[in-house]
């Protein structure tokens, strides 16, 4: 199980509203560890995604989650550069691709997003670019949810993202 403390959250300057919610639910002991998944219940998915940046030791796991989110809208990707970026990002999270390969894949996915024009393909390519780039998992997950909104009910995409994140946080590893 992945845990976090209020002190770790506060060190990253959370938004006032999110901070009030988590502090009310988990305070006053700033050093006590609690399950990161609890933030989904006390606040929301966006705040939990934001809080993941407080634990950079899990960056490879966060990247896997970002890739998983983007793969949920992969069927909307019309450019192989986007799909390739997801493959490189996954390999990078396993230590099988270099930072340079990841950067090149992210740049290629950005180019694919620009070439796609406005719409579902653009949003899906953007999700791939964020998963392959150094953006946060929050950005990639939001981009994937936005792409899903072009194609299906975005609430369903958000629910799937929420359930997958809870599984990962409770397991403390990729599941």
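The values are calculated or read from the model by the stated rules, or taken from the named source; none is laboratory data. Keep in mind that this is a model prediction, so the values were computed, not measured. Here the Cβ positions follow ideal geometry from the backbone for every residue, glycine too, while neighbour counts run over all protein chains shown.
Odds and ends about this structure:
- Residues satisfying the criterion are absent from the stretch 34-47 (criterion: over 23 Å from residue 159 (Cα atoms) and touching a strand residue (DSSP E or B) at 6+ places or on another chain (Cβ under 8 Å)).
- Residue 141 being modelled with pLDDT under 80, surrounded by fewer than 24 Cβ atoms within 10 Å (Cβ to Cβ), in the same structural domain as residue 69 (by TED's automatic domain parsing) and in contact with a helix residue (DSSP H, G or I) (Cβ under 6 Å, 6 or more places away or on another chain): no
Rundown of residues vs (1) part of a helix (DSSP H, G or I); (2) farther than 30 Å from residue 6 by Cα, yes/no style:
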{"site": "34", "(1), (2)": "no, no"}
{"site": "49", "(1), (2)": "yes, no"}
{"site": "70", "(1), (2)": "yes, no"}
{"site": "85", "(1), (2)": "yes, yes"}
{"site": "114", "(1), (2)": "yes, yes"}
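- Residue check for residue 81: more than 15 Å from the chain's Cα centre (by Cα), in the same structural domain as residue 160 (by TED's automatic domain parsing) and modelled with pLDDT of 80 or more: yes
- Test result for residue 158, surrounded by fewer than 24 Cβ atoms within 10 Å (Cβ to Cβ), at pLDDT 70 or above and farther than 18 Å from residue 84 by Cα: yes
- Filtering the stretch 8-32 to residues that are part of a helix (DSSP H, G or I) and in contact with a strand residue (DSSP E or B) (Cβ under 7 Å, 6 or more places away or on another chain) leaves only 26.
- Qualifying positions in the stretch 43-53 - more than 13 Å from the chain's Cα centre (by Cα) and crowded, with 17+ Cβ neighbours inside 10 Å: 43
- With respect to being under 20 Å from residue 161 (Cβ atoms), modelled with pLDDT under 80 and part of a helix (DSSP H, G or I), residue 89 falls outside the description.
- Any hit, the stretch 54-71, residues being over 23 Å from residue 98 (Cβ atoms) and surrounded by fewer than 21 Cβ atoms within 10 Å (Cβ to Cβ): yes
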